[in-house]
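**Q** Sharing a structure here in structure tokens format.
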Ligand code: RRO
């Protein structure tokens, strides 16, 4: 792998070799092979696609995104081309990408999750990320991920269908995320991604109406970072599998904070919309300088350090 040089930032994430711990989060620019490759070229250690389901889906009407004070609220409604079309993009991505490709999948039943995951894995996905945490689409996403028994069935079915690592992306919109994490791990999850967006709403004071066409959406960006760090911290205390931190990371210090809380890698989404793709290089350079300054030879040495007082 071109970018995997032996160095301080190298990470082995359940067998996936990342040149550095930054990853493109699902949902941002993850529709085509071309954009996935340009993100990897910008310095991401791995990329995650937009979530794909069994059948094509248009998503919600506009407006689907609204800016909040410290982030974005979105309700896209899982727009996607369906897995039978998307396999072409996965195949193409595999021919051009120099970083691991993670395909995010969703379904409306445990069988659907397994079918989509199997098709993605068969055409070359290096890992599968299960979206069991989209906060605003009925009968999928967090309706699955908020229920430990249903979640376990989904994870179990997917694990039985694919021989690639399975990440489970968790919702913060639950009473105890560590309980949910434990259930996913017991069912076979190889790694956990924490977190998806936080349920939110924005109301237009002139029209008196919610701004998004779906009314409710998911909040991302700096506003949710402390929530996400707490979720990673709680999960790290409960389970042994690697955690991928996600939520409001915009600079190297945010990334380091997630690692200290227990994340082995981190995902970046909203910051790309705000700062552009350079954010990957800015963050990795900052992380490298920090590790050097603190005398660490590998980024892996600081994972979970805040738990060992
Ligand atoms: O498509 C969306 O509306 C969406 C998804 Br799949 C998700 O997982 N999280 C989110 O905030 N929006």
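**Q** Post the alpha-carbon centroid distance, segment 34-60 to segment 219-273, in whole angstrom.
**A** 20 Å
**Q** Moving on to the next point. For residue 176 and residue 147 in the same chain, what is the full-extension length gain: residue separation times 0.36 nm, less their Cα-Cα distance, in nm?
**A** Full extension from residue 176 to residue 147 adds 9.3 nm.
**Q** Can you give me the P(r) profile for segment 220-279? Cα pairs, bins 10 angstrom wide beginning at 0, each as a whole percent.
**A** 26, 54, 18, 2
**Q** Here's something else I'd like to know. Within 10 Å of each residue's Cβ, count the other Cβ atoms and sort 205, 270, 140, 95 from fewest upward.
**A** Starting with the residue having the fewest Cβ neighbours, the order is 205, 95, 140, 270.
**Q** Counting other beta carbons within 10 Å of each Cβ, put 201, 177, 274 in order, fewest first.
**A** 274, 201, 177
**Q** When the Cα centres of segment 147-164 and segment 75-135 are compared, how far apart do they sit, in Å?
**A** Centre-to-centre (Cα) distance: 15 Å.
**Q** Can you tell me the equivalent ellipsoid semi-axes for segment 200-309? Use √(5λ) from the Cα gyration tensor, largest first, whole Å.
**A** So the three semi-axes of segment 200-309 are 31, 18, 10 Å.
**Q** With a Förster radius of 25 Å, plug the Cβ-Cβ distance of residue 302 and residue 186 into 1/(1 + (r/R0)^6) and report the FRET value to the nearest 0.05.
**A** Calculated value: 0.35.
**Q** Still on this structure, I have one more. Working only with C-alpha atoms, what are the Rg and Dmax values of segment 94-165, expressed in angstrom?
**A** Calculated on Cα positions, Rg and Dmax stand at 12.4, 39 Å.
**Q** Here's another thing I want to ask about it. Find the eigenvalues of the gyration tensor of the Cα atoms of the chain, then list the square roots of 5 times those eigenvalues as equivalent ellipsoid semi-axes, largest first, in whole angstrom.
**A** 26, 23, 20
**Q** Then there is this: What share of the DSSP beta bridges in segment 31-150 is antiparallel, in percent to the nearest 5?
**A** Looking only at bridges with both residues in segment 31-150, the antiparallel portion is about 40 percent.
**Q** Related question: Per residue, how big is the convex hull of segment 1-83 when only Cα atoms are used? Give it in Å³.
**A** Dividing the Cα hull volume of segment 1-83 by its residue count gives 131 Å³.
**Q** Note down the Stokes-Einstein diffusion coefficient of segment 101-219 in µm²/s, whole number, using a Kirkwood radius over alpha carbon pairs, 25 °C, and 0.890 mPa s.
**A** In µm²/s, the coefficient is 168.
**Q** What's the whole-number percent of alpha carbon pairs in segment 247-295 lying beyond 17 angstrom?
**A** 28 percent
**Q** Additional query: Can you give me the orientation-averaged projected area of the convex hull built on the Cα atoms of segment 172-258, in nm²?
**A** 7.0 nm²
**Q** What relative contact order, as a whole-number percentage, does segment 1-110 give when Cα pairs under 8 Å and 6 or more residues apart are counted?
**A** Once divided by the residue count of segment 1-110, the mean separation gives 30 percent.
**Q** Rounded if a/c is under 1.5, else prolate if a/b is larger than b/c, else oblate: which is segment 183-232, with a ≥ b ≥ c the root eigenvalues of its Cα gyration tensor?
**A** prolate
**Q** With no solvent and one equal point scatterer per Cα, compute the Debye intensity ratio I(q)/I(0) for segment 9-139 at 0.17, 0.18, 0.19 Å⁻¹ and report its log10, rounded to two decimals.
**A** Relative scattering, expressed as log10 I(q)/I(0), comes to -0.90, -1.00, -1.09.
**Q** How far apart, in nm, are the 7 Å Cα→Cβ label points at residue 62 and residue 205?
**A** 2.5 nm
**Q** Still on this model: Express the relative contact order of the chain as a whole percentage, based on alpha carbon pairs under 8 Å and six or more residues apart in sequence.
**A** Answer for the chain is 18 percent.
**Q** Taking 30 Å as R0, compute the FRET efficiency from the Cβ-Cβ separation of residue 237 and residue 293 and round it to 0.05.
**A** The value I calculate is 0.60.
**Q** Shifting gears a bit: For a footprinting-style exposure proxy, rank 233, 290, 113 by other Cβ within 10 Å, fewest first.
**A** Listed from fewest to most nearby Cβ atoms, that is 290, 233, 113.
Laboratory data are not the source of any read-out in this text; all were calculated from the coordinates shown. Computed from a predicted structure; not experimentally measured. Cβ: placed from backbone, ideal geometry, glycine included. Neighbour counts: every protein chain shown.
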